[in-house]
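Rule-based calculations on the coordinates, nothing more; no lab input. All of these numbers come straight from a predicted model, not from anything done at the bench. Cβ placement follows ideal geometry from the backbone for every residue including glycine, while neighbour counts extend to all protein chains displayed.
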Amino acid sequence: MTTPDDREIEVGEHNRSGSQDGHSLQEAGNSVRSGDFPDLGDRRVRNWLRVSWLRSREAKVDADRPAADYVESLPTDTVLTRAARPVLRALAAEIENEPVSLILTDGKGTVLSRYGGDRRLLGALDRVQLAPGFRYSESQVGTNGIGTALEVGAPLLIRGDEHYSGHLRRFSCAGALVTHPITGALLGVVDLTTEAENTNSLLLSFAKLAATRIRERILEEANELDRALLHDYHAACQHSGRPVIAIGDEVLMMNALTQQRFDSRDQAAIIDRTRDARGRHEPFTLLADLPSGITARLSYQPTFVDDRLAGGVVRIKEQLARSRATRTVAPPAPRALAGRSAQWQRTVEGVVEACRRSEWLVLDGEPGVGKTALIRAAHDHVRPERTLTVLDAARLDGDELSERAGATLDDGGDLAVLHAHVLGDDQLAALASFLQTVAQDTRAPAPWVALTMQPPQEESDTHSVLRLFPKTISVPPLRHHLEDVPDLVRFLLDAAGATELTLSPAAANQLMRLSWDGNVTHLRSVLDELCRRRRSGTVEPADLPAECRATTRRSLTRLESLERDAIVEALALHGGDKVAAAKALGMSRATIYRKIREFGITL
């Protein structure tokens with residue numbers, strides 16, 4: 001694996017001959033800042049530096065006194081900070097008599113800590129905001145040893161006048177990237193900063209030495225942590241006699257009992273549920289409904305080395321014996337619904353039973369989880385001889401809603417009111433008064449009424465309509481029963497007429513890794529896009545829409561979504577070649593690596 005040190009940039013080499021060259025460099029920089037563009041062949045300015053100045057200018061960095069963003073809360077217990085702390089303290093002690101400050105940043109250029117330096121230098125650094133909490137990215141403060149190293153993706157030394165911003169030209173700084181020795185992930189930057197008059201070519205060598213020692217320390221800790229986790233895993237396997245899984249930052253271990261007792265779908269569901277355990281410092285237990293119908297108790301116990309979290313061990317106990325699970329015959333389910341997970345089946349059975357007993361029901365849940373589909377399917381399954389009228393409160397005013405609801409129930413039909421939570425207090429009160437009259441009617445057969453709402457529901461005098469509904473069933477979001485995604489995909493593809501289109505196991509697994517913020521509605525829109533591009537054959541992960549090839553757990557802004565899709569498409573176009581994709585997108589290799597990790601893009 002190529003590390004950033006393998007392609008060091010000899011920055012500042014052209015400005016070592018004397019003050020005349022420095023004056024010429026300053027003139028060249030001023031011309032860029034004012035909008036002129038020096039000739040690329042001009043030896044006063046190497047190409048990488050000119051490009052950095054241009055990036056700074058395009059980012060509208062103040063050329064005199066830029067302001068860095070401030071981050072309120074800084075992480076103190078990460079792989080980087082734990083490994084860097086003893087290394088930088090030791091190195092600071094070696095140069096305690098030198099006017100040099102050692103600075104550690106994260107992968108976005110945010111200063112995490114600062115070591116060494118005399119009082120005069122530290123005061124000067126404070127005045128230019130080169131202090132913990134401030135972000136020294138190139139887009140914030142212009143060309144500098146931290147932000148430009150991140151953009152270029154290599155160690156570099158920037159001397160006085162090579163800085164874009166005037167108030168930084170009194171300093172020289174050398175930055176070296178810190179990458180994870182196992183995964184290659186970018187963790188941060190080690191920067192050495194001093195007054196420009198004290199510039200020394202050893203600054204860069206010292207920064208690279210610091211980065212190397214931090215990487216070595218991370219590797220030592222990783223080996224120590226992995227050994228501790230392996231020890232606890234073996235102990236659990238030997239003494240518990242149960243299925244066991246061990247999870248760490250880069251480790252996943254599964255014993256033979258886990259593989260023997262659970263099929264691949266159950267294993268995938270267990271692994272997905274244990275994702276939340278990563279990084280947890282306290283024990284916990286949870287119940288997981290598996291695709292086979294088994295309910296498993298997952299007990300997590302963290303592993304520590306001193307105060308450092310190595311990962312954790314999960315012991316698995318089946319709450320429902322497999323023999324019983326295989327003998328249990330579930331009642332016929334509505335054919336218009338897909339999904340076999342125990343959690344989903346309980347939800348379906350609850351709605352079907354309420355419909356069978358004419359028990360008025362409230363369904364709540366996030367948008368797109370399938371509340372309306374559940375009501376329709378249960379009604380068609382249980383009461384096919386009766387008419388179900390579905391009214392959307394979001395599209396009807398209060399008078400029209402009451403009028404049409406009354407006509408439906410007077411005609412002996414059943415009623416579903418969608419989005420009842422959008423009704424005002426007066427409208428809910430009017431609906432409650434009307435439904436109260438219907439509930440007191442003893443005519444047989446009794447009508448079935450269902451409401452859909454979004455949680456939370458507040459029971460108050462004005463919301464008395466809810467008191468007419470003895471039961472509320474919460475429909476789970478899709479991310480809570482991801483094992484149903486393959487069944488849903490098949491169901492939705494068939495409904496769209498794409499009966500000859502299938503997903504490979506790898507593509508199905510990729511869809512099961514997503515959070516599906518828009519639930520089934522979101523999944524349907526993704527499949528609609530897929531069907532517009534393919535109508536038959538087997539879909540592989542590379543065929544999925546761009547948004548499905550990234551697994552970030554947070555919601556992206558519209559701009560971030562566009563950026564993610566552009567990166568995915570560029571990677572696909574260049575066969576996964578990150579360097580070529582970065583070049584096509586006009587971004588640095590360091591930036592595309594950072595974005596790939598940030599967006600969770602899989603290749």
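So if the hydrodynamic radius of the stretch 480-599 is defined as the Kirkwood radius over C-alpha pairs, what does Stokes-Einstein give as its diffusion coefficient at 4 °C and 1.567 mPa s, in µm² per second?
The calculation lands on 85 µm²/s.
Taking 0.36 nm per residue of separation and subtracting the Cα-Cα distance, what length does fully extending ASP64 through ALA90 add?
5.8 nm
Please state the Cα pair-distance histogram of the stretch 240-318 with 10 angstrom bins from zero: what percent is in each bin?
All Cα pairs considered, the percentages come to 19, 55, 22, 3, 0.
Taking the Cα-to-Cβ direction at HIS234 and at HIS480 and moving 7 Å from each Cα, how far apart do the two end points lie in nm?
My value for the distance between the label points is 4.1 nm.
For the pairs LYS371/LYS595; LYS60/LYS578; LYS108/LYS583; LYS371/LYS471; LYS60/LYS595, note any where the Cα-Cα span goes beyond 25 Å.
From LYS371/LYS595; LYS60/LYS578; LYS108/LYS583; LYS371/LYS471; LYS60/LYS595, over 25 Å: LYS371/LYS595; LYS60/LYS578.
Using Cα centres only, tell me the gap between the stretch 233-250 and the stretch 378-447 in whole Å.
Computed from Cα coordinates, the inter-centre distance equals 54 Å.
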